[in-house]
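Structure record follows, encoded as structure tokens.
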Amino acid sequence: MDKQENYVKLEFYAKDQNVAIARLATAAFAGEIGFSLSDIEEIKVAVSEGVSNAIIHGYGGDESRLVEVTLTVEKNLFKLEIKDDGVGIADIKKAMEPTYSSVAERMGLGFVFMESFMDTLNVHSSLNCGTVLLMTRRCPHL
Amino acid sequence: MKIEKTEKRITVVTDGDFDLKVCPELKALLAVDLKHDRSIHVCFDLRKTSFIDSSGLGLILWVYKETAPYGGKVSVVNVTASAEKLFDVAGLSRLLNIRRKGRERLG
């Protein structure tokens, strides 16, 4: 196996205190890859947004449901996947507009930050079947 | 988290993570104060805040929306470089009075 290649999967209740746990685990994973501190700060924001979205939008505050975060690094690419089995997104394009949010205070900023701080963001979602966010970021050249 | 109040100003010193976990409680606390006076100056002091995301920014924006029409003011001070980037990306730097960490008041 390639020295850099790695895989970690976390599964946790959709509780607000677990956002920080997902963030710290992701930061540790990204640090191991060799991302700089400022890169790691950005990656932490991306995972925080994805997991917060799953908790607030996907599960609407039902803490008994499960969120899955999968971290992979292979072929110099860091992959971050966040999965929930919640309500899904009716209109992905609309949800990703900067001013749109079904919970007004966060004003749809979550997707803006995920897009800004990662190289790619793909959203797969269907109503009542949940949402999968797949983000990638090119690893630093070491 | 610490909230200091004077007649014209509420200072919120958040510590640690300013994220989904702290926002609902903080919002409820501030809602009580803002019910009394929406023309107040609310200052968020992030000197002890190690992380902020859209939940924190959303709360600050909510305070802005609540107070701005009544002549209130929102400032965010002691912002780290990485947090400042979030305010920039969100386009909030134009709306709010944001000051970087370690910089004295500009007057």
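The values are calculated or read from the model by the stated rules, or taken from the named source; none is laboratory data. None of the values given here were measured: they were computed from a predicted structure. Glycine gets a Cβ as well: all are built from the backbone with ideal geometry, and neighbour counts include every protein chain shown. For the accessible areas, the whole protein counts, side chains as well, though only heavy atoms, and no ligand, DNA or RNA atoms are used. Shrake-Rupley method; radii C 1.70, N 1.55, O 1.52, S 1.80 Å.
A few comments on the model shown:
- Within region B:75-100, residues that are within 14 Å of another protein chain (Cβ to nearest Cβ) reach partners that are surrounded by fewer than 16 Cβ atoms within 10 Å (Cβ to Cβ) and part of a strand (DSSP E or B) with beta carbons closer than 8 Å, at six or more positions or on different chains, in the pairs B:Val79/B:Arg100; B:Thr80/B:Arg100; B:Ala81/B:Arg100; B:Glu84/B:Arg100.
- Single match in B:Glu66, B:Glu84 (criterion: of a type in the set (Asp, Glu) and closer than 19 Å to B:Lys48 by Cβ): B:Glu84
- Qualifying residue in region B:76-95 (condition: hydroxyl-bearing (Ser, Thr, Tyr), open to solvent by 60 Å² or more (accessible area, probe 1.4 Å) and either closer than 27 Å to A:Ala22 by Cα or not in a helix (DSSP H, G or I) (or both)): no
- Within region B:12-40, tally of residues that are under 16 Å from B:Pro69 (Cα atoms) and either within 10 Å of the chain's Cα centre (by Cα) or in a loop (DSSP other than H, G, I, E, B) (or both): 4
- Answer residue from region A:109-135, given it is away from chain B (no Cβ under 14 Å) and outside any strand (DSSP E or B) and is surrounded by the fewest Cβ atoms within 10 Å (Cβ to Cβ) among those: A:Asn128
- Residue check for B:Asp88: charged (D, E, K, R) and closer than 17 Å to B:Met1 by Cβ: no
- Scan of region A:1-57 for residues that are small (Gly, Ala, Ser), open to solvent by less than 10 Å² (accessible area, probe 1.4 Å) and within 13 Å of chain B (Cβ to nearest Cβ), ordered by number: A:Ala14, A:Ala22, A:Ala46, A:Ser48, A:Gly50, A:Ser52, A:Ala54
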